[in-house]
1. Can you list residue pairs whose Cβ atoms sit under 9 Å apart, with the first residue in region 39-65 being over 21 Å from residue 86 (Cα atoms) and the second being at pLDDT below 95 and part of a strand (DSSP E or B)? Count only pairs 6 or more apart in sequence or on different chains.
2. Exactly one condition in (1) farther than 20 Å from residue 196 by Cα; (2) in contact with an Asp or Glu (Cβ under 7 Å, 6 or more places away or on another chain) is not met by residue 56; state its number.
3. Being touching a residue at least 60 places away in the same chain (Cβ under 8 Å), in contact with a His (Cβ under 6 Å, 6 or more places away or on another chain) and either crowded, with 18+ Cβ neighbours inside 10 Å or closer than 17 Å to residue 183 by Cα (or both): is that true of residue 87 here?
4. What residue, among those in region 55-102 that are within 16 Å of the ligand (Cβ to nearest atom) and among the hydroxyl-bearing types (Ser, Thr, Tyr), is nearest to residue 115 (Cα to Cα)?
5. Looking at (1) part of a loop (DSSP other than H, G, I, E, B); (2) surrounded by fewer than 17 Cβ atoms within 10 Å (Cβ to Cβ), which is the one condition that is false for residue 57?
6. Suppose we keep only residues that are among the acidic types (Asp, Glu) and closer than 30 Å to residue 199 by Cβ within region 136-185. Which one would you say is surrounded by the most Cβ atoms within 10 Å (Cβ to Cβ)?
7. Identify, please: which residue in region 130-169 is away from the ligand (no atom under 13 Å from the Cβ) and among the acidic types (Asp, Glu) and is, among those, nearest to the chain's Cα centre (by Cα)?
8. If residue 180 passes every condition in (1) assigned to a strand (DSSP E or B); (2) more than 23 Å from residue 73 (Cβ to Cβ) but one, which one does it miss?
Amino acid sequence: MKNSKQILLLGLLAAVSIGIGLWAGMQGSSKPKTEGYPDLGGDFTLMSDKGPVSLQDLRGKVVPIYFGFTHCPDVCITSLSNISAGLKLLTEDELSRVQPLFISIDPERDDPARVGEYVRYFHPGIIGLSGSLDDVTKVAKKHFVIFEKVKLDDSEMGYTMDHSSIIYVVGKDGVIRTLIHHGEAPEGIAKVLREALDG
Ligand code: NI
């Protein structure tokens, strides 16, 4: 049951990313100089445990963004481990120009303190963000992030969240330039971040 659901979700994800890719490609053909996904994502402000964080304040940095939740049994752990390992492949100078963000799509359980503590376990440079369900949903929707609360009958956790697993790499100009798909190795993540730093 869980597996079939995950497969369905992966299928949906693939369809969405292909859709975004094709659509962006079509946009690209009429505007050949436009790089990345200018109509995906966009500026937002959410809460970290050290105060509000606004994407517009991070211009000049490369900002990989991942959406997940701290109770996630596996997918987020894999992704955050890979992001962390990718960050560790960067030089100190490169790392100082990269600001990874993790946005909780489960703000009912993930307050800024909890999500901050969670992501720092993977890498001290990652900022964990949360907010009201409404605020988080708006940001997720702008990124076409699919997420859904799933009731768990036999668990004291109560529910889990199915969610898409894409790293959105925002370039120095604030525009998303690359989507990194689930399962990308740390080397691949580091390569994409370097390209964004050079671009
Ligand atoms: Ni997850």
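1. The qualifying pairs do not exist here.
2. Unmet for residue 56, out of (1) farther than 20 Å from residue 196 by Cα; (2) in contact with an Asp or Glu (Cβ under 7 Å, 6 or more places away or on another chain): (1).
3. yes
4. Residues of region 55-102 within 16 Å of the ligand (Cβ to nearest atom): 64-84, 100-102.
Going one step further and asking which of them are among the hydroxyl-bearing types (Ser, Thr, Tyr), we end up with 66, 70, 78-79, 81, 84.
Working: 66: 12, 70: 6, 78: 16, 79: 15, 81: 15, 84: 16 Å.
My answer is 70.
5. (1)
6. Only one residue tops the list, namely 184.
7. 135
8. Condition not satisfied by residue 180: (2).
The values are calculated or read from the model by the stated rules, or taken from the named source; none is laboratory data. Because the structure is predicted, anything quoted here is derived from the model rather than measured. Note: ideal-geometry Cβ built from the backbone for every residue, glycine included; neighbour counts use all protein chains shown.
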